[in-house]
Amino acid sequence: MKHLIDCHVHLNNYHETSRRPTKENVEDLFAKMEERGVDHAVVLTSYKVDLDRPAVEEVIETLAGDPRTSVVEGLRWRGDERTDLFSMEERIRDGLVKGIKLYPGYDRYAINDPSLETVFRIAAKHDVPVMIHTGDTYSRSAKVRQAHPLLVDDVAVDFPDVKFVICHLGNPWFQDTAEVLYKNENVFADMSGLTLGEFDYEFERYMLLRVKDMIQYMGDPGRQLMYGSDWPLVAMGPYVKFLENLELGDEQRENVAWRTAARLFKIPGLMQEAGPPPPPIDG
Ligand SMILES: [Zn+2]
């Protein structure tokens, strides 16, 4: 692969025992990227701010515009300290934030909740993607039905000017995700978070079959599928291996590894090198 963009990483702490300052998590991120040949990482902030989840302002300040990173702002929609959309729009306008991340299910709203219209209008106005957590939730107190990937079809149809990203391929509803991708040109997907930590052999085989199955149905995965890990929940090394084990064709692999993400998040340098997107499958 010529380049590699990980379009889905976090700077949160996931174990209270190893609570680290954001600065240390950033150093760890850069060390792992270097080790695994990742050129660029898209950092997603959370749907709440607490000791383990830094606010978007803190993440922006700590990363200090490092060209190896882009920031996507997690929408805080139902909790105590909600996102001020005016400030969020300023960050997007100023190029500090390159996309918006929704946490349906965790944050107790559904993907097609009517209240999100204002958020989608901001995304359309500034042409930044809306990334959506879909499928299984890491937390038992989240409502998984609200994060079903089929609901992305609702918003993709209602907001054709918005580019949506189905995070985690809708795991375990891969077929539904394949249909939503096949049907909607304004929908993309990242393959992050399909395991926790490292794959064991049987489970990796299982996931490879699911993803290959999706690709079979969708046709060319190069236009819509993107590499992402969900680090630090997922180990970077085995995940890069997972991408290789998908055995994509050369063009498709380059697209999935970096070209599609470079265009979508408008990553300087890589975006120009990626060139225009491949044409849609059917006109
Ligand atoms: Zn994630």
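Here, each number is a calculation from the coordinates, and none is a lab measurement. None of the values given here were measured: they were computed from a predicted structure. Virtual Cβ from ideal backbone geometry, glycine too; neighbours counted across all protein chains shown.
List of remarks:
- Here the range 209-272 and the range 52-86 have alpha carbon centers that stand 24 Å from each other.
- Of the residues GLU34, GLU27, the one with the fewest other Cβ atoms within 10 Å heads the list, and the complete ranking is GLU34, GLU27.
- Expressed as a fraction of 2.2 N^0.38 Å, the C-alpha radius of gyration for the chain is 0.92.
- Cβ-based exposure ranking for TYR47, TYR239, TYR217, in which fewest neighbours within 10 Å come first: TYR217, TYR47, TYR239
- With the simple model of a label 7 Å out from the Cα in the direction of the Cβ, ARG82 to HIS15 spans 3.7 nm.
- For a label point 7 Å along the Cα-to-beta-carbon line of ASP154, residues of the range 74-105 with backbone N under 15 Å: 103-105
- With the Kirkwood sum run over all distinct C-alpha pairs, the range 1-132 has a hydrodynamic radius of 15.4 Å.
- The separation of the range 5-49 from the range 154-197, counted between C-alpha centres, amounts to 23 Å.
- Simple label model, 7 Å out from Cα along Cβ direction - GLU273 to VAL144, nm: 4.0
- Gaussian network model of the chain, Cα within-10 Å springs - most flexible of ARG78, ARG259, ARG53: ARG78
- Dividing the summed helix terms, -39500 (n - 2.57) for each DSSP H run of n ≥ 4, by the number of residues in the chain produces a 222 nm estimate of -10500 deg cm²/dmol to the nearest 500.
- Two-decimal log10 I(q)/I(0) for the range 199-258, as the Debye equation yields it once each C-alpha is a single scatterer, q = 0.15, 0.16 Å⁻¹: -0.44, -0.50
- As a rough footprinting exposure proxy, the listed residues ASP190, ASP154 were ranked by other beta carbons within 10 Å of their own, and the order from fewest upward is ASP154, ASP190.
- Peptides 94-100, 59-65 ranked from most to least packed, by the mean per-residue count of other Cβ atoms within 10 Å: 94-100, 59-65.
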